[in-house]
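Undergrad: Before I ask anything, let me first share the structure, which is written out below as structure tokens.
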């Protein structure tokens, strides 16, 4: 009997993405699996039920869907009520954020759910096509540049008019991961002068290849797995002194620095904000994990001392079509190598499977989560 893979509606308020688009539904179906999707699951991402007709069987409601499912695809973590509907031993995939959802992890253990937190996919070459963080960060980086251009008090490009020449805006981007690089590229396309800072020296080549100037603070924080390490107090002060000068001259500041599973590092201080030009803007992409700016209010946009500070949440959801398509492709690339003749066979010796697993057969596989539960 083929494995039954199911996609429910997302229940988190404001979430417009869906875990499966019609194209990937067809590709999964060609592998011999039985694809199920709840009616209306793709509506907020502009995918009509009819679009899934070739790849999926439509199910009337979530309860009926979960009753049949062997594997469940989610974007956001399931609610505790959703977990109650899962059959014991179901396989769950989603952006599960275990450090924020320990009660969810406990319930997954109780029901012996095998769960994969897609944000834990290891950042190795073989897993690039499965990397949910990168795909969604690319969407967010593009959108955050548009938000900055919309909120700032002037033009991004240089304009030559009958009334004279208007100089281009200066944009400072903090963090040159996937989101930061996308923000750099988008701001450059919009005509802004762009400077960027990243604690990893290796980011210089990528920053400069996009036409931006690297801000050199003399501090290196290269860490393991492509992430940055935590800076010492002395390094943070040195970083702050250099960044303050560049931020003071900026028309827009975009911050993207994040450490998975931890609060975002505070990089832009209150003093830096108060040293900025009136009419300048800060858009803090790290607002979800507390923000890179000390004054960020997650989910709010407000003015402080003449500077607009925006802390947008769940930015990928604001572009639900490409974000859903990219996320679905990540899931397909993750699971398809383990599907043969409609059956799912998880290879626990595979590094990608082992490191992205959160729970299995009543045990916590992810060590940092296990440590949090033990506290």
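Taken together, the values in this text are just the output of simple stated rules run on the coordinates, not laboratory data. Not measured: the values here are computed from a predicted model. Glycine also receives a Cβ, built like all others from the backbone with ideal geometry; neighbour counts cover every protein chain displayed.
Undergrad: Give the distance, in whole Å, between the Cα centre of segment 54-120 and the Cα centre of segment 14-36.
TA: Spelled out, the Cα-based centre of one part sits 16 Å from the other.
Undergrad: Output needed for segment 139-318: three equivalent-ellipsoid semi-axes, defined as square roots of 5 times the C-alpha gyration tensor eigenvalues, in descending order, whole Å.
TA: 24, 18, 16
Undergrad: Additional query: Distance between Cα centroids, segment 130-174 to segment 284-346: provide it in whole Å.
TA: 19 Å
Undergrad: How high is the relative contact order of the chain, in percent, counting Cα pairs under 8 Å that sit 6 or more residues apart?
TA: Result for the chain is 19 percent.
Undergrad: Assuming 0.36 nm per residue, please report the length gained on full extension of the stretch residue 125 to residue 84 beyond their Cα-Cα distance.
TA: Values: separation 41, 0.36 × 41 = 14.76 nm, distance 3.67 nm.
Contour length minus the Cα-Cα distance gives 11.1 nm.
Undergrad: Using 0.36 nm times the number of residues separating residue 278 and residue 375, minus their current alpha carbon distance, what extension gain do you get?
TA: Length difference between fully extended and current span is 30.4 nm.
Undergrad: Quick check on segment 14-77: take the gyration tensor over C-alpha atoms, sort the square-rooted eigenvalues as a ≥ b ≥ c, and tell me if it's rounded (a/c under 1.5), prolate or oblate.
TA: The shape class here is rounded.
Undergrad: Still on this structure: Determine the shape class of segment 142-227: with a ≥ b ≥ c the square roots of the Cα gyration tensor eigenvalues, call it rounded for a/c under 1.5, and otherwise prolate if a/b is greater than b/c, oblate otherwise.
TA: Since a/c reaches 1.5 and a/b is larger than b/c, the shape of segment 142-227 is classed as prolate.
Undergrad: Please label the shape of the chain as rounded, prolate or oblate, based on the square roots a ≥ b ≥ c of the eigenvalues of the alpha-carbon gyration tensor (a/c under 1.5 means rounded; beyond that, a/b larger than b/c means prolate, else oblate).
TA: Prolate shape, in that a/c is at least 1.5 and a/b is the bigger ratio.
Undergrad: Taking neighbour Cβ counts within 10 Å as the exposure measure, how do 165, 256, 114 sort from fewest upward?
TA: Taking fewest neighbouring Cβ atoms as first place, the list is 165, 114, 256.
Undergrad: So for 293, 56, fewest C-beta neighbours within 10 Å to most, what's the order?
TA: On the way: 293 29, 56 25.
Starting with the residue having the fewest Cβ neighbours, the order is 56, 293.
Undergrad: If you don't mind, another one. In degrees, nearest 10, range 0 to 90: what is the angle between the Cα axis of helix 132-151 and the longest Cα principal axis of the chain?
TA: With both axes taken from Cα atoms, the answer is about 40 degrees.
Undergrad: Helix 320-335 against the longest principal axis of the chain: what's the angle in degrees, Cα atoms only, rounded to the nearest 10?
TA: Helix 320-335 and the main axis of the chain meet at about 50 degrees.
Undergrad: Give the order of 208, 235 when sorted by the count of other beta carbons within 10 angstrom, beginning with the fewest. All intermediate terms of the calculation are to be shown ahead of the outcome.
TA: Details: 208 13, 235 17.
In increasing order of surrounding Cβ atoms, one gets 208, 235.
Undergrad: Measure off 7 Å from each Cα along the Cα-to-Cβ vector at residue 301 and residue 343, then give the distance between these two points in nanometres to one decimal.
TA: 5.4 nm
Undergrad: Considering the chain as a Gaussian network with a 10 Å cut-off on Cα pairs, which listed residue, 233, 176, 192, attains the greatest mean-square fluctuation?
TA: For the chain, modelled as a Gaussian network with Cα springs under 10 Å, the answer is 233.
Undergrad: Please list 180-188, 294-302 highest first by mean number of surrounding beta-carbon atoms within 10 Å per residue.
TA: Working: 180-188: 25.2, 294-302: 15.6.
Ranked by mean Cβ neighbours within 10 Å, highest first: 180-188, 294-302.
Undergrad: Kindly express, to the nearest 10 degrees and within the range 0 to 90, the angle between helix 178-189's C-alpha long axis and the longest C-alpha principal axis of the chain.
TA: 50 degrees
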